[in-house]
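Q: Got a structure here, written out as structure tokens. Questions coming.
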Amino acid sequence: MAHATIPAKTHDEAQQHPIKLYLVVWGWLFILSACSYLVDYFKFEGYLRWFLILLFMLLKAGLIVAVFMHMAWERLALVYAIIVPPVLVLVFVGIMALEANYTFLTRIIFFVTGS
Amino acid sequence: MQDGTLTHTAEAPERLAGLQGIAADWSSDQRSFKTASWGKAMMWIFLLSDTFIFSCFLLSYMTVRMSTVVPWPNPSEVFALHIGGTEFPLILIAIMTFVLISSSGTMAMAVNFGYRRDRTKTAALLLLTAALGATFVGMQAFEWTKLIMEGARPWSNPWGAEQFGSTFFMITGFHGTHVTFGVIFLLIVARRVWRGDFDTGHRGFFTGRRGQYEVVEIIGLYWHFVDLVWVFIFAFFYLW
């Protein structure tokens, strides 16, 4: 059995990173925040707006979780236990989007016919 | 001196990586999170549950915004500020975002200096983080005051759909509460670092356990999470 193995480290060793790493991530978070603000400032609309908002949001969230919260250096057992459940929320998003569309439709049919 | 409970993990020879590692860790005896201490694992699980709470808030916001027949107020205009005669859209929210991100940066560095056992720098950075957090809450209080003066209520507002007020006060209020509690805990941890509790093995007031510098990382996880939630609120509530 030739499994890939990684050397076990004690916790203290595992979380020693140079300060520069945090400053670089900090800088990127500033740049990405500025970009998402500019999306609003330049009044991008429609799919371009939504795409850019989601892109900058996910990049920022990824940087914070991976580097600031040290998720990149945790065992996959913990990473998957924490990251996978929130992804399943997307199913809930789908259900509620369907429900909201239905509510909207019934409101259009029954409440705004007079106007 | 041992506390009798496992707070640190230095044992274990070699561990599998990848998917086989996940299967091995989860099917093993005693503990699934082999390299994370119980304190860290519990904070992560708490944050996961908190993720679901904020997910539900944002989902209910999505649902009411999609289902209303009244136009949604334009956040870009509602949250604009007049500075020196010109109108800046969303400027206060942008500044709040930068303040919170900066506090996350100082927090990450506090954790780093904590593991280097640099007591002074850790405490100073924790206090700076708390100060930035308090600034954020202050700006949020200003924002709430401004909106309430202009007539925003949870049940009505002058700009459009009534659901705007209820979701706004609910989501930002809950997030602001999280920041406030974070500031309180940061101050407590800063005091313990400053006193040298984690060097002398002084017992904490809450659990009665001997603290370690990992406490700084655990409170840091909470603080970064608060910043993380703001990233999503900023995108979905203010920018969408």
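Computed from the coordinates by the stated procedures, all read-outs in this text should not be read as laboratory data. As the structure is a prediction and not an experimental result, all values here were calculated from the model. As a convention, Cβ positions derive from the backbone with ideal geometry for all residues, glycine included, and neighbour counts pool all protein chains shown.
Q: For B:THR129, B:THR106, B:THR122, which order do you get if you count the other beta carbons within 10 Å of each Cβ and list the fewest first?
A: The order, fewest Cβ neighbours first, is B:THR106, B:THR122, B:THR129.
Q: Quick check on the protein assembly as shown: what are the equivalent-ellipsoid semi-axes from the Cα gyration tensor, as sqrt(5λ), descending, whole Å? Each step should come with its number before you reach the end.
A: Numbers: eigenvalues 320, 126, 65 Å².
Value: 40, 25, 18 Å, ordered largest first.
Q: Sticking with this one: Can you pull out the trypsin sites (Lys or Arg not before Pro) in region B:92-197 whose DSSP state is coil and whose Cβ has at most 14 other Cβ atoms within 10 Å? Mind showing how you got there, number by number?
A: Values: sites: B:ARG116, B:ARG117, B:ARG119, B:LYS121, B:LYS146, B:ARG191, B:ARG192, B:ARG195; in loops: B:ARG116, B:ARG117.
Passing sites in region B:92-197 are B:ARG116, B:ARG117.
Q: Any chance you could check the Cα centroid distance between region B:196-216 and region B:218-240 for me, in angstrom?
A: Cα centroid to Cα centroid, the span is 28 Å.
Q: Using θ = phi - 60° and the Karplus relation 6.51 cos²θ - 1.76 cosθ + 1.60, list the HN-Hα couplings for region B:163-175 in order, rounded to whole Hz, with x at every Gly or Pro.
A: 5, 4, x, 4, 5, 4, 5, 5, 6, 5, x, 5, 5
Q: Next question. From the helices alone, meaning DSSP H stretches of at least four residues, give me the mean residue ellipticity at 222 nm for chain B, per-run term -39500 (n - 2.57), in deg cm²/dmol to the nearest 500. List each step's numbers first, then the result.
A: On the way: 8 runs with 157 residues, N = 240.
Value at 222 nm, helices only: -22500 deg cm²/dmol.
Q: Among B:THR63, B:ALA94, B:GLY84, flag the residue with its Cα farthest along the positive direction of the charge dipole of region B:55-126, charges on Cβ as +1 for Lys/Arg and -1 for Asp/Glu.
A: B:ALA94
Q: Also, quick follow-up: Go through region A:48-65 residue by residue and turn each phi into a ³J(HN,Hα) via Karplus (6.51, -1.76, 1.60, θ = phi - 60°); whole Hz please, and just put x for glycine and proline.
A: With coefficients 6.51, -1.76 and 1.60, one gets 4, 4, 5, 4, 5, 4, 5, 4, 5, 4, 5, 5, 5, 4, x, 4, 4, 5 Hz.
Q: Could you pull out the chymotrypsin sites (Phe, Trp or Tyr not before Pro) across region B:100-180 that fall in loop regions by DSSP (anything but H, G, I, E, B) with no more than 11 other Cβ atoms inside 10 Å?
A: B:TRP155
Q: Give me B:TRP26, B:TRP44, B:TRP194, B:TRP223 sorted ascending by neighbouring Cβ count inside 10 Å, so fewest comes first.
A: On the way: B:TRP26 12, B:TRP44 21, B:TRP194 15, B:TRP223 31.
Fewest-to-most Cβ neighbours within 10 Å comes out as B:TRP26, B:TRP194, B:TRP44, B:TRP223.
Q: Quick check on my link table: of B:LYS121/B:LYS146; A:LYS60/B:LYS34; A:LYS60/B:LYS121; B:LYS40/B:LYS146; B:LYS40/B:LYS121; A:LYS20/A:LYS43, which ones sit more than 32 Å apart, alpha carbon to alpha carbon? Walk me through the numbers on the way to the answer.
A: On the way: B:LYS121/B:LYS146 37 Å; A:LYS60/B:LYS34 28 Å; A:LYS60/B:LYS121 26 Å; B:LYS40/B:LYS146 39 Å; B:LYS40/B:LYS121 23 Å; A:LYS20/A:LYS43 35 Å.
The answer is B:LYS121/B:LYS146; B:LYS40/B:LYS146; A:LYS20/A:LYS43.
Q: Given H placed on each backbone N at 1.01 Å, which residues far from B:LEU90 in sequence or on other chains put an amide H within less than 5 Å of it?
A: It is B:PHE79, B:ALA80, B:LEU81, by chain and number.
Q: Taking all pairs of different Cα atoms in region A:26-115, averaging 1/r and flipping that mean, what Kirkwood radius in angstroms comes out? Let's see the in-between values first.
A: Values: mean 1/r = 0.0608 Å⁻¹.
Final number for the Kirkwood radius of region A:26-115 is 16.4 Å.
Q: How big is the dipole moment of the protein assembly as shown about its Cα centre under a simple scheme where the beta carbon of each Lys and Arg is +1, that of each Asp and Glu is -1, and everything else is neutral? Debye, nearest 20, please. Spell out each step's value before the answer.
A: Working: 24 positive and 23 negative charges, 107 e Å.
Dipole size: approximately 520 debye.
Q: Next question. Working from the alpha-carbon coordinates of region B:53-139, get Rg over Rh, Rh being the Kirkwood radius.
A: On the way: Rg = 18.7 Å, Rh = 16.0 Å.
With Rh from the inverse mean 1/r over Cα pairs, Rg/Rh is 1.17.
Q: Based on the Cβ-Cβ distance of B:LEU19 and B:ILE53, what FRET efficiency does E = 1/(1 + (r/R0)^6) give at R0 = 35 Å, to the nearest 0.05? Please report the intermediate quantities before stating the final value.
A: Details: r = 30 Å, r/R0 = 0.86.
Given R0 = 35 Å and the Cβ-Cβ separation, E is 0.70.
Q: In vacuo Debye scattering of chain B, one point per C-alpha: log10 I(q)/I(0) at q = 0.10, 0.12, 0.18 Å⁻¹?
A: -0.61, -0.80, -1.30
Q: Any idea what Rg and Dmax come out to for region B:13-71 if you just take the C-alpha atoms, in Å?
A: Computed over the Cα atoms of region B:13-71, radius of gyration and Dmax are 19.1, 63 Å.
Q: I'd like the Karplus ³J(HN,Hα) series for region B:189-198: coefficients 6.51, -1.76, 1.60, θ = phi - 60°, whole numbers in Hz, and an x wherever there's a Gly or Pro.
A: Couplings: 5, 4, 5, 5, 5, 4, 6, x, 4, 7 Hz.
Q: Summing +1 for each Lys or Arg and -1 for each Asp or Glu, what net charge is found among the other residues whose Cβ lies under 15 Å from the Cβ of B:PHE234? Don't skip to the answer; put the middle values down first.
A: Working: positive: A:ARG49, A:LYS60; negative: A:ASP40, B:GLU143, B:ASP227.
Net charge around B:PHE234: -1.
Q: Take the alpha-carbon centre of region B:26-68, take the same for region A:58-106, and report the distance between them in whole Å.
A: Rounded to whole Å, the Cα centres lie 9 Å apart.
Q: Scan region A:17-74 for chymotrypsin sites (Phe, Trp or Tyr not before Pro) in coil per DSSP, keeping those whose Cβ has at most 12 other Cβ atoms within 10 Å, and list them by number.
A: Working: sites: A:TYR22, A:TRP26, A:TRP28, A:PHE30, A:TYR37, A:TYR41, A:PHE42, A:PHE44, A:TYR47, A:TRP50, A:PHE51, A:PHE56, A:PHE68, A:TRP73; in loops: A:PHE42, A:PHE44.
Loop-located and lightly packed - A:PHE42.
Q: For helix B:38-67, what angle does its Cα long axis make with the longest principal axis of chain B, in degrees from 0 to 90 and rounded to 10?
A: Value to nearest ten degrees: 20.
Q: On to the next question. Set the Förster distance to 35 Å, then compute FRET efficiency between A:PHE42 and B:PHE142 from the Cβ-Cβ distance, nearest 0.05. Intermediate values should be presented prior to the final figure.
A: Details: r = 26 Å, r/R0 = 0.74.
The value I calculate is 0.85.
Q: Residues with amide H under 5 Å of B:ARG15's amide H, sequence separation 5 or more or different chain, H placed in the peptide plane at 1.01 Å from N; which?
A: A:ILE6, A:ALA8
Q: So for region B:104-240, Kirkwood radius off the Cα pairs, Stokes-Einstein at 4 °C and 1.567 mPa s: how many µm² s⁻¹? Walk me through the intermediate numbers first.
A: Values: Rh = 16.4 Å.
Approximately 79 µm²/s, per Stokes-Einstein.
Q: Separate question: Any chance you could give the angle, 0 to 90 degrees and rounded to 10, that helix B:214-233 forms with the longest Cα principal axis of chain B?
A: Between the helix axis and the principal axis of chain B, the angle is about 20 degrees.
Q: Another question, if that's okay. Evaluate the distance, in nm, between pseudo-label points positioned 7 Å from the Cα of A:ALA66 and of A:GLU99 along their respective Cα→Cβ axes.
A: 3.4 nm
Q: Sort B:HIS224, A:HIS70 by Cβ crowding within 10 Å, fewest neighbours at the top. If you can, show how the numbers build up before the last one.
A: Details: B:HIS224 24, A:HIS70 20.
So the ranking, lowest neighbour count to highest, is A:HIS70, B:HIS224.
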